[in-house]
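Structure record follows, encoded as C-alpha cells.
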Amino acid sequence: MIDHFAYDAVIVGSGPNGLAAAITLAQAGRSVLVLEAKDTIGGGTRTKELTLPGFWHDVCSAIHPLGIASSFFRSLPLSDYGLEWIHPEAPLAHPLDGGRAVIQERSIDATAERLGPDGPAYRKLFAPMVEHWQELLEEFLRPLPLPPKHPLVSSRFLLKFIQPARRLAESAFSGDPARALFAGMAAHSILPLEHIITSAYGLIIATLGHAVGWPMARGGTQRLSEALAGYLRALGGEIVTDHPVSSMGDVPSARDVLFDLTPRQLLCILGEQLPAGYRRQLERYRYGPGVFKVDFALDGPIPWQAPEVARSATAHLGGTLQEIACSERGVWRGEPQERPYVLLAQQSLYDDTRAPQGKHTVWAYCHVPHGSSVDMTSRIEAQIERFAPGFRDRILAKHSMSAVDMEAYNPNYIGGDIIGGVADFSQTFTRPALRWSPYTTPLKGIFICSSSTPPGGGVHGMCGYYAAQAVLRTRRDV
Ligand SMILES: Cc1cc2nc3c(=O)[nH]c(=O)nc-3n(C[C@H](O)[C@H](O)[C@H](O)COP(=O)(O)OP(=O)(O)OC[C@H]3O[C@@H](n4cnc5c(N)ncnc54)[C@H](O)[C@@H]3O)c2cc1C
C-alpha cells in the first residue's frame with residue numbers, strides 16, 4: 001500500500017533546533033513544513049524593538065560561542081543569507097570591586113599575563129583544551145558520547161570535566177580574579193557550582209572564547225533565524241507562522257513529525273497516545289531555575305569604573321567566586337537573590353545597527369527560582385551600578401520580563417527555564433528520557449528535536465541536526 005502524505009516531515013516550532021532539523025531533512029531531499037505558534041520565527045533567537053523605536057534588543061540569546069563553533073552551522077552557507085558574526089575586541093569581561101576587571105582575551109597568553117600568579121596555571125589548564133577544541137566540542141555537542149569519537153582526548157580531560165566548578169577553581173587558582181572568571185563561565189550551567197560537571201560548562205565556553213571567540217550577529221540574533229529560514233526556503237522547505245499546535249489534529253499529514261518542544265508540551269499534545277512507561281519518564285523530567293531579564297535603552301555607553309570592560313560585548317557581574325557560588329546556590333534553593341549573578345551584553349558598542357547614533361542597548365539577565373514572578377529590575381540595576389556608578393542616570397527606557405513572562409513569551413521556557421530542562425549530570429545524558437536514541441519516541445514517526453534532547457541548551461542547532469539524523473536512520477536513508 002502506498003501512503004500519501006502532504007509532507008515527508010512536519011517540524012513543530014521554529015527555534016534554532018527546529019530549523020536545523022528542517023534543513024537537515026530538506027538537504028536529504030525531504031519535503032518539510034515548519035509550524036510556528038508565534039507571529040515570527042526564531043524561538044530563542046529573535047530581536048525586537050522592546051524599549052524605544054530604533055533600539056533593537058535580542059529578546060533571548062545574544063552571544064554565540066556555541067553558534068559559531070557548531071559543526072552543523074559551520075557547514076551551512078549562512079553568510080549568503082545575511083548572517084555576519086561580529087567579534088568584540090575580547091570575548092569576556094568580569095569586573096571586580098575597586099575598579100578592577102579580569103578580561104578574557106582571544107589569546108591565552110594575553111589573558112594569563114593579566115592574572116598575575118595564576119597566569120601559568122591558567123595557561124596550563126586551557127592551552128591543551130584550546131589545541132583540541134574541535135574534538136572536545138564534538139564529544140560535548142552530541143548524544144551520550146559512547147563510544148567516544150576521540151578516546152585519547154576525552155580520557156585526557158575527563159577528570160577535569162566531571163568536577164564541581166568550585167572545586168576546580170579553588171584547586172587550580174589561588175587569586176580572586178582567575179577564580180571569579182571561571183565561576184562566571186561555569187554559572188552558565190544554571191546549577192550550583194558545587195554540582196559535578198559544572199566545570200565542564202566553564203571549561204567548554206572558556207575554551208571557545210580562545211578558540212573561536214564570543215561573537216554576536218550583526219543586526220541582532222534574529223539574523224541567524226532569518227539566515228537559517230532563508231536557506232531552508234532555498235532548499236524548498238516551507239514555514240507557516242501563527243500556527244500553534246495543541247493536538248495532532250493541527251498537524252498536516254506527514255510521515256514524520258518532529259517537535260521542537262519540551263516534554264511537558266509533548267505530553268499535552270500526545271497525551272494518552274504515548275505508552276504509559278514513556279509518559280511517566282516525561283512526567284518525571286525536571287525543569288530548572290528561571291531567568292529574569294531587563295533590556296535597557298541608554299543615552300550613552302555604560303560608564304564602567306574599569307574602562308576595559310567596554311572591550312568586550314559580554315560582562316559577568318557578580319564579583320568573586322564565593323559570591324557567584326552563593327547566588328547560584330540560593331536560586332537553586334528557591335530564593336531570589338539580593339545580589340544576583342548577572343549576565344550582561346552591550347551589543348551596540350560593536351554593532352551600530354542596534355541603536356540610534358550615540359545611544360546604546362543593554363541586555364541583562366539573572367537566574368531566579370523556577371516560576372518566580374519577583375521583580376528583579378532594581379537588583380539587576382544595582383549590580384550594574386556597583387561596577388559602573390552613574391549607570392542609572394543613562395537609562396532612557398527599560399523592559400523587564402520575569403520567569404513567568406518568559407514562559408508566556410515562549411512556551412518552551414517552562415517556569416522561565418531557558419535551557420529546556422535541568423542539565424545536571426544525569427539529565428544531560430538522559431534528556432528527555434532514557435532511550436538509546438533520545439530523539440525517538442515509542443510512537444512511530446514521532447520525534448523530539450528541542451534543547452530538551454542532547455546536547456541541550458544554547459544556540460547550536462545540534463539537537464535538531466541529530467534528531468533529523470535519527471529520522472533519516474529510521475527511514476534507512478543514512
Ligand atoms: C534570556 C535568554 C538568554 C539566552 N542567551 C543565550 C545566549 O546568549 N547564547 C546561547 O547560545 N543561548 C542563549 N539562550 C538559550 C537559547 O535561546 C535556547 O537554548 C535555544 O533557543 C533553544 O532552541 P530550541 O530550538 O530548542 O527552542 P526555542 O528556541 O525555544 O524554540 C521553540 C519554538 O517552538 C515554538 N512553539 C512552542 N510551542 C509550540 C506549539 N505548541 N506549536 C507551535 N510552535 C510552538 C516557540 O514559539 C518557539 O519559537 C538564551 C535564552 C534566553 C531566554
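Counting residues that are under 30 Å from Arg100 (Cα atoms), which helices (runs of 4 or more DSSP H) fully inside the stretch 371-443 reach at least 2?
377-387
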Legend entry - Filter result for the condition that a residue is in contact with a Ser or Thr (Cβ under 6 Å, 6 or more places away or on another chain) and near the ligand (Cβ under 10 Å from one of its atoms), over Asp242, Asp260: Asp260
Inset, instruction - Kindly check whether there is at least one residue in the stretch 170-180 that is open to solvent by 10 Å² or more (accessible area, probe 1.4 Å) and closer than 20 Å to Gln134 by Cα. - result: no
Legend entry - The lone exception for Leu228 - which of (1) within 11 Å of the ligand (Cβ to nearest atom); (2) open to solvent by 10 Å² or more (accessible area, probe 1.4 Å) it fails: (2)
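Just to check your reading of the model, which residue among Gln383, Gln427 is of a type outside the set (Lys, Arg), over 17 Å from the mean Cα position of the chain (by Cα), open to solvent by less than 20 Å² (accessible area, probe 1.4 Å) and away from the ligand (no atom under 13 Å from the Cβ)?
Of the residues listed, the single one that is of a type outside the set (Lys, Arg), over 17 Å from the mean Cα position of the chain (by Cα), open to solvent by less than 20 Å² (accessible area, probe 1.4 Å) and away from the ligand (no atom under 13 Å from the Cβ) is Gln383.
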Legend entry - Residue selected from the stretch 133-148 under the condition in a loop (DSSP other than H, G, I, E, B) and closer than 20 Å to Gly458 by Cβ, by the criterion most open to solvent (accessible area, probe 1.4 Å): Leu144
Legend entry - Any chance Ser189 is polar (S, T, N, Q) and open to solvent by 40 Å² or more (accessible area, probe 1.4 Å): no
Inset, instruction - Determine whether the stretch 271-282 contains at least one residue that is under 24 Å from the mean Cα position of the chain (by Cα) and open to solvent by 30 Å² or more (accessible area, probe 1.4 Å). - result: no
Inset, instruction - Find all pairs meeting these conditions: Cβ atoms under 6 angstrom apart; at least six residues apart or on different chains; first residue within the stretch 315-335 and more than 18 Å from Ala382 (Cα to Cα); second residue assigned to a helix (DSSP H, G or I) and open to solvent by 10 Å² or more (accessible area, probe 1.4 Å). - result: Leu321/Arg179; Ala325/Arg166
Inset, instruction - Scan (1) open to solvent by 10 Å² or more (accessible area, probe 1.4 Å); (2) closer than 20 Å to Ala206 by Cα; (3) not charged (D, E, K, R) for the single condition Ala90 breaks and write down its number. - result: (1)
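Tell me which helices (runs of 4 or more DSSP H) are completely within the stretch 45-122 and hold 2 or more residues being modelled with pLDDT under 95, or say none if there are none.
By residue number, no helices (runs of 4 or more DSSP H) qualify.
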Inset, instruction - For Gln357, indicate whether it is part of a helix (DSSP H, G or I), open to solvent by 50 Å² or more (accessible area, probe 1.4 Å) and free of Cβ contacts under 8 Å to residues at least 40 places away in the same chain. - result: no
Inset, instruction - Those residues that are more than 7 Å from the ligand (Cβ to nearest atom) and either farther than 27 Å from Arg46 by Cβ or open to solvent by 10 Å² or more (accessible area, probe 1.4 Å) (or both), I need them from the stretch 446-469; list them, please. - result: Ile446, Pro455, Tyr465, Tyr466, Gln469
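The values are calculated or read from the model by the stated rules, or taken from the named source; none is laboratory data. Please read all numbers here as calculations on a predicted model, not as lab measurements. Methodologically, a virtual Cβ is constructed for each residue, glycine included, from the backbone with ideal geometry; neighbour enumeration extends over all protein chains shown. For the accessible areas, the whole protein counts, side chains as well, though only heavy atoms, and no ligand, DNA or RNA atoms are used. Shrake-Rupley method; radii C 1.70, N 1.55, O 1.52, S 1.80 Å.
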